[in-house]
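> Got a structure for you, questions after.
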Amino acid sequence: MKAFDNYHLPTSVNEALTLLAQYDGRARVIAGGTDLLVDAQAEYYEGQRSHFDALVDVTFLADANEIRAQDGFIVIGCGVTHTQIVASKRIQQTATALAEASAVVGGPQVRNVATLCGNVAHALPAADGTVALMALDAFAQVSSLQSHVISNQWKPLATLFKGPAKSAVDSTREIITALRFRPLGEHEGSAFARVMRPQGVALPILGMAVKVEIREQRLAQVAISAGPVAPIPFRAKQTEEFLRGKILDDELLRQAAQILTNEAQPRTSAHRATKEYRHELLPVLLKRTLTQALERAR
Amino acid sequence: MTNLNMTVNGKPISIEIEANEYLAAALRYKLGLTGTKIGCDEAECGACTVIVNGTPVDSCIYPALKAQGAEVLTIEGLAQTWAATEPGVATEPGVATEPGVVTEQGVVTEPGSVTTPALHPLQAHFIHQGALQCGYCTPGMLMQSKHLLDHNPNPTTDEIKVALKDTLCRCGAYVAIMNAIQFAAEEMREPNAARQTVIPNLPATKAPLDVIGKPLPRPDAIAKATGAAKYTDDYAFPDMLWGATLRAKFPHAKILKLDVAQAQALPGVRAVLTHHDVPGSKNHGLIYNDWPVLCYDKVRYQGDAVAIVAADTREIAQRALDLIEVAYEPLPVVDNPVDALKPETIIVNDGTGHGNLLKHIHVEKGDIDKGFAEADVIIENEYHSPFYEHAFMEPECSIGRVLENGRIEVICGSQIPYEDRRQIAAALNMEEREVRVRGALIGGGFGGKEDIAAQIHVALLAKATGRPVKMLYSRHESLVSHPKRHATVIRVKTGAKQDGTLVASQATIYGDSGAYASLGDKVMTRAATHAAGPYAVPNVKIDCYAMYTNNPPAGAFRGFGVTQSAFAVESNMDELAHQLNMDPFELRRMNALRIGSTTSTGQVVKESAGLLECIRLVEQEVKRQRDSNLQSPVSKLQSWGFAAAFKNTGLGGGAPDKSAAEVEVFEDGTAEVRSSAAEIGQGLPTVLAMITAEELGLPYENVRVLLSDTDLTPDGGPTTASRQTFVTGNAARYAAKGMREILAETASEYLDAAPAQLTFKDGYVSQNGHKLPFAEIVKRARQENRPTRYLHEYFAPATKPLGVEGDMHFGFSYAAQAALIELDPDTGETHVLKIVTATDIGRALNPLALQGQVEGGIMMCLGNALTEEFIVEKGKVWSDLFAKYKMPSIKHTPEIVSFIVEDEISAGPFGAKGVGEISSIPTTPAITNAIYNACGVRVRRLPVDQDALLLAMRAGKLET
């Protein structure tokens, strides 16, 4: 059973938002659809008969398929697929964590259509792309119609999530039209790592991304994001604060891991992972990502 | 409706589609391009991969309108992309004009020349390397591979693994696929060089005869590689309706009320049927007639069928299901076999008159108490294994239609066509002669297509509507409804002398057979009779309880119960070796079954027992590698583990094990061999064509194979128990011999020699330098009014039931395997790096197909150990999507070093015995034993749970 009747392929943001407005809540945004359409089917099997009159595809919007440099940021349009991210030299070099995270999302055919903006819109706390973007202090451009005029607002990524699979962006009226973040420069490095379970759902047991800046051997800046360790994508602020300005060695890493294990709140997810296992993995991934990011920063 | 314009395989097309249609459906049902397969409808398996504007996508959930104006390449257009680069070779692009044209014959597999220039190098090398078996994943696999080679002309195996990560092959042909891609890449890098037929690097086997023993490609390989191969859903008929099934809402409930009025009133609905509309037997079942065609008094599992609908479209049929009102009174749910046996537990199914007990199986030999009294060491443990899913790539599909004379025809992919016919006839209250079952190609079975799925339902609906009706299960429906591998609880106690001699082996096995019997009785019998392992143990006592519960039924699944007991017994054996401080190879060798040994059921092994040789070969290879490969990464733990196994060939246990085959010869010098035995990817048509060709002295290409049509082919019996090569192979061999004798009568007159002196070879009959073409002999035989068909009904050597003195089985296959694993001590993640395997299969009739079975079995059992678990919670299936049931992908594929042991069995065709299951049995314990060797934790519960493993390691626990 299909969860929708009509399928629209607008070519401008205005057209897309106008379509959404016309359907007045009975249509929603779709990008690659590899989560949305499969989830709708799964819900149907659960007995839910949620239905949309239409889906509004935003992958054919003008310039939506571009990765470009603009105003000191890397800007990723809402049609950009994970495959494009992985292949982008610019992202490989200046946002390595994002390239690494995007490379492990789904399989090749899924990455060929699934978009990074869609990954963010799905609002899963463990979404690989989102975990990497959180460490990169990314912003999302949310476009909507305000009294028939397009409003484009850049919002910090962290403000987009309300709960697991609950986005603050209303996909029946708003579109995440782009993402942006500052490319990493000299003395900066990033890395992503995750642990999967070979059985059951293809959601990470734990994913982690780290961005560091090194000044005179010290961690001048540290950003650590992980998921799922909270209902929404998570930044390990206390661990970051603790590490800032220090020189990394085994003892510091051990202490940082301790802080991280205290501030992250992983839960047991049925058929996926126990809380205890996730706690064991936190220090492991911290070491792997931090070491790797540092190496890249040097 | 809206218009979709695109270019498909180079041709512009314009079709009317629904706006919510997906590309795969549009290609298949609107354009008749049925080469693109749908495996899951959830972007998990990759079978539907097509290339849109140069990018491979999962077309099953790709909205068709996204392809507006796009260039789409499907499997039907693949060869043409290569031909287009070669001037002078033109092929017809693959846009079928008439979707669903059906021929009146069954599945005929015709050999063709695999050097056909019209094939893309990938197609050609997939065929040569044995990279396709059931063929259902092949189109998607080829399209994804094409894209890889377009962008990477010389990929490494790691790069191939990345590219094909989510393009799944349940037959497990990954090693061959990787080889094929690399050979194709080589050819494509040298486009002007002639195509080389690259023979794969196969294990050494005996010198071939004229045909037997050669690594020949499958007769259906070209059809499978080009998308021309037809599976059930690839057929369509004019005015065909779509069927749908209302499944139970509860795992256990009384049906209080059933009202279909609203559903019947929905426009487009042509029939809604309930148990009231089943004119004949209300139940079906292979051995026990205990499974309602449509539930009448109560439902016993979530997948139970309550009502069926036929409607103009699939959507309407689905919508009608929502309108059927059923009032239930939920009953307590029995969710495990141990509780099921307790006297206070509610009875789920009284199919056998013993409450929830489907069967108590008792195996006894010697004196178990005396045995343990003599033991110096006793190891006792409890093992758990979950349900497992076959996950054949092709979901079940059936088409029913009323033939002109009122007979009913059902087209389906069945492992037992004649059993389908019997059960359909019984339910419809018709004579068996009034029912025709035609087998389409089958996209994998592994035991999961032995029971009735929709065969009876489509027959009922076709009869009710007078129109053809197709039922195609979604992956979800397939997962919740068909029988699984039994979940088991196995307690094993093993006693040995200090020197390692086994003196006693005891086991208590609980098998969860779910709501209906299916083949549960037989499966658990096999689990029990093999529960002492492939060893001669003087004192044995096994008690096995096959139980009814409210879980999905459990039945046949490659390994047939032995997969489960082998895990338990081989884990105990490994622990015993450690306790005794003995070499695990030596412990097995000491106790291994050999000529003169007596099995647990009292059968004396008289011939064809190659286990010792299997152990020797694996030990030698592992020790060689261990000596030369001491270097391992410091951060990961690498270790070897070892296990051995045996598995019966054939039904055994006193069941008459027979098969019939017919051979017909033609004046064009060809022959056709016919039998209703299923090709589920294992390569039966290859073997039958080879045997027939060998006996008639014909080139392999001159033999066609017709399978699975109850009107046209004699009964080959069930495709189960690794039996078809043996029984139908023998039937074909004797039929061909019979035919040859008749032709020899004719030939002897012309060649002036006694019939027995004639040589049939290479398409000629000869004697002393004089020869006549085979075709000419057939012509003359016909002129002489001699028969040109020969039917042979073959009976395998008789066996005895369990508990009766004598041979329970006419033969066993044996295997030994070692696994090299790498365990990440920080995360508990386990990867299999290498499997060394030796398999005794009697005689390698086709080393290529054999390799496919060996490697595929290993991949499947690797999944059994590491990736798969069919989860059911209180009778509700959790693993109801492919996204929640992970089979091994190409990235899990280890290096496989294979040895073949050919310890011939006298009654087998050319000495062959079964191979389908044996290779899939020892892999799991070899892996779990390796895990113990790596980290000191025993895995008692499958699958290996990295979470529990790491926590056990951290806590210093010895088992998980």
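> Starting from the Cα coordinates of the stretch B:649-713, work out the convex hull volume and express it per residue in Å³.
103
> Let me ask something additional. Only protein chains counted, 1.4 angstrom probe. Which residues of the stretch B:56-70 are at least 40 Å² less accessible in the assembly than when their chain is isolated?
Buried by 40 Å² or more upon assembly, which counts only protein chains, are B:61, B:63, B:65, B:66.
> Mind checking which lysines have their C-alpha under 17 Å from residue B:359, skipping anything on the same chain fewer than 8 residues away?
Counting by Cα, and skipping residues close in sequence, residue B:359 has these lysines nearby: B:342, B:522, B:541.
> Helix by helix through chain B, keep the DSSP H runs that span 27 Å or more along the axis on Cα and average at least 0.5 on Kyte-Doolittle, and give those back in order. Intermediate values should be presented prior to the final figure.
Working: long enough: B:724-751 (37 Å, -0.17); B:847-866 (28 Å, 0.83).
Taking the DSSP H segments of chain B (at least 27 Å long, mean hydropathy at least 0.5), we get B:847-866.
> On to the next question. Considering only protein heavy atoms and a 1.4 Å probe, what is the carbon-and-sulfur percentage of the accessible area of chain B? Numbers along the way, then the final one.
Values: 15130 of 30640 Å².
It is 49 percent, rounded to a whole number.
> Which of the three applies to chain B, rounded, prolate or oblate, going by the alpha-carbon gyration tensor with a ≥ b ≥ c and a/c under 1.5 meaning rounded?
The shape class here is rounded.
> Based on the Cβ-Cβ distance from residue B:156 to residue B:957, what FRET efficiency comes out when R0 is 45 Å, to the nearest 0.05? Each step should come with its number before you reach the end.
Numbers: r = 40 Å, r/R0 = 0.88.
Once rounded, the FRET efficiency stands at 0.70.
> Could you tell me which of rounded, prolate or oblate describes the stretch B:12-53, using a ≥ b ≥ c as the square roots of the eigenvalues of the alpha-carbon gyration tensor, with rounded for a/c under 1.5 and, failing that, prolate when a/b is larger than b/c and oblate otherwise? Please list the in-between numbers first.
Details: a/c = 1.82, a/b = 1.56, b/c = 1.17.
Here the stretch B:12-53 falls in the prolate category.
> How large is log10 I(q)/I(0) at q = 0.16, 0.17 Å⁻¹ when the Debye formula is applied to the Cα atoms of the stretch B:291-365, each weighted equally and without solvent?
The calculated log intensity ratios at q = 0.16, 0.17 Å⁻¹ are -0.75, -0.80.
> Next up: Volume per residue, Å³, of the convex hull around the alpha-carbon atoms of the stretch A:67-181?
Numbers: hull volume 11.2 nm³, N = 115.
Spelled out: Cα convex hull of the stretch A:67-181, divided by residues, is 97 Å³.
> Taking the alpha-carbon centroid of each part, what is the distance from the stretch B:179-220 to the stretch A:33-75 in angstrom?
Computed from Cα coordinates, the inter-centre distance equals 45 Å.
> Shifting gears a bit: Over 26 Å between Cα atoms, which of B:449/B:606; B:206/B:913; B:449/B:884; B:30/B:230; B:37/B:449 qualify?
Numbers: B:449/B:606 34 Å; B:206/B:913 15 Å; B:449/B:884 21 Å; B:30/B:230 16 Å; B:37/B:449 18 Å.
Over 26 Å Cα-Cα: B:449/B:606.
> Using the Karplus curve 6.51 cos²θ - 1.76 cosθ + 1.60 with θ = phi - 60°, what ³J(HN,Hα) values do you get for each residue of the stretch B:295-303, in whole Hz, with x for Gly and Pro?
After applying 6.51 cos²θ - 1.76 cosθ + 1.60, I find 4, 10, 8, 8, 9, 10, 7, 4, x Hz.
> Rounded to the nearest 500, what is chain B's calculated 222 nm mean residue ellipticity when only DSSP H runs of at least 4 contribute -39500 (n - 2.57) each, over all residues?
Computed ellipticity for chain B at 222 nm equals -8500 deg cm²/dmol.
> Under the rule that an exposed site lies in a DSSP loop and has at most 16 other Cβ atoms within 10 Å, name the longest stretch of chain B with no GluC sites (Glu not before Pro) of that kind, not counting the sites themselves. Display every interim value, and only then the final one.
Numbers: sites that count: B:104, B:344, B:404, B:431, B:607, B:667, B:784, B:805.
Here the longest run is B:105-343.
> Follow-up question, since we're still on this one. Under Stokes-Einstein, with the Kirkwood radius over Cα pairs standing in for Rh, what whole-number D in µm²/s applies to the protein assembly as shown at 4 °C and 1.567 mPa s?
Answer, rounded: 41 µm²/s.
> Moving to a separate point now. Ballpark to the nearest 100 Å², how much total accessible area do B and A bury together, probe 1.4 Å?
4200
> Find the Rg to Rh ratio for the stretch B:416-470, where Rh is the Kirkwood radius over alpha-carbon pairs and Rg uses the same atoms.
0.97
> Let me ask you something else. With a probe of 1.4 Å, find how much accessible area the protein assembly as shown has per residue, and write the answer as a whole number in Å².
34
> In addition: Translational diffusion coefficient of the stretch A:188-297 at 10 °C, 1.306 mPa s, Stokes-Einstein with Kirkwood Rh over Cα pairs, in µm²/s as a whole number.
D = 114 µm²/s.
> Nearest 0.05, what FRET efficiency do residue A:65 and residue A:249 give at R0 = 45 Å with Cβ-Cβ as r?
Working: r = 45 Å, r/R0 = 0.99.
For R0 = 45 Å, the calculated efficiency reads 0.50.
> What do you get for trypsin sites (Lys or Arg not before Pro) in the stretch A:1-50 restricted to DSSP loop and a cutoff of at most 16 other Cβ within 10 Å of the site's Cβ? Please report the intermediate quantities before stating the final value.
Numbers: sites: A:2, A:26, A:28, A:49; in loops: A:2, A:26, A:49.
Within the stretch A:1-50, the qualifying trypsin sites (Lys or Arg not before Pro) (loop, at most 16 other Cβ atoms within 10 Å) are A:26, A:49.
> Given a cut-off of 18 Å, what percent of all Cα-Cα pairs of the stretch B:507-584 lie beyond it?
On the way: 1350 of 3003 pairs.
Above the 18 Å cut-off, the stretch B:507-584 has 45 percent of its Cα pairs.
> Taking 10 Å² as the minimum loss, tell me which residues in the stretch A:82-129 lose that much accessible area going from the chain by itself to the full protein complex (1.4 Å probe).
Output list: A:106, A:107, A:108, A:109, A:110, A:111, A:112, A:113.
> Per residue of the stretch A:110-122, in order, report the coupling 6.51 cos²θ - 1.76 cosθ + 1.60 (Karplus, θ = phi - 60°) as ³J(HN,Hα) in whole Hz, putting x for Gly and Pro.
5, 4, 5, 10, 5, 9, 5, 4, x, 4, 5, 5, 5
> Which of rounded, prolate, oblate describes the stretch A:158-210, given a ≥ b ≥ c as roots of the alpha-carbon gyration tensor eigenvalues and a/c under 1.5 marking rounded, otherwise prolate only if a/b is larger than b/c?
Since a/c reaches 1.5 but b/c is at least a/b, the shape of the stretch A:158-210 is classed as oblate.
> For the stretch A:98-137, what mean projected area does the convex hull of the alpha carbons give, in nm²? Write down the numbers at each step before the final one.
On the way: hull surface 10.4 nm².
Reported value for the Cα convex hull: 2.6 nm².
> Take the Cα radius of gyration of the stretch A:187-232 and divide it by 2.2 N^0.38 Å, with N its residue count; two decimals is plenty.
Against the compact-globule rule of thumb, the ratio is 1.48.
> Report, in cubic angstrom per residue, the convex hull volume of the C-alpha atoms of the stretch A:4-57. Before the final figure, lay out each step's value.
Details: hull volume 3.4 nm³, N = 54.
Measuring per residue, one finds 63 Å³ for the Cα hull of the stretch A:4-57.
> What Rg and what Dmax come out for chain A when only alpha-carbon atoms are used, in angstroms?
Rg then Dmax for chain A, in Å: 19.3, 60.
> Give, ordered by residue number, each residue of the stretch B:858-878 whose 1.4 Å probe accessible area is reduced by a minimum of 50 Å² on adding the remaining protein chains to the chain alone.
SASA drop of 50 Å² or more in the stretch B:858-878: B:878.
> I've got another one for you. Multiply the residue separation of residue B:16 and residue B:497 by 0.36 nm, subtract the distance between their alpha-carbon atoms, and state the gained length in nm to one decimal.
Result for the pair: 165.5 nm of gain on full extension.
> Could you work out the mean projected area of the convex hull around the alpha carbons of the stretch B:658-795, in square nanometres to one decimal?
Working: hull surface 31.2 nm².
For the stretch B:658-795, averaging the hull's shadow over all directions gives 7.8 nm².
The values are calculated or read from the model by the stated rules, or taken from the named source; none is laboratory data. Note that this is a predicted model, so its numbers are computed, not measured. No Cβ is skipped: glycine too gets one built from the backbone with ideal geometry, and neighbour counts run over all protein chains shown. In case anyone asks, the SASA skips ligands and DNA or RNA and just uses the protein heavy atoms, side chains included. Shrake-Rupley method; radii C 1.70, N 1.55, O 1.52, S 1.80 Å.
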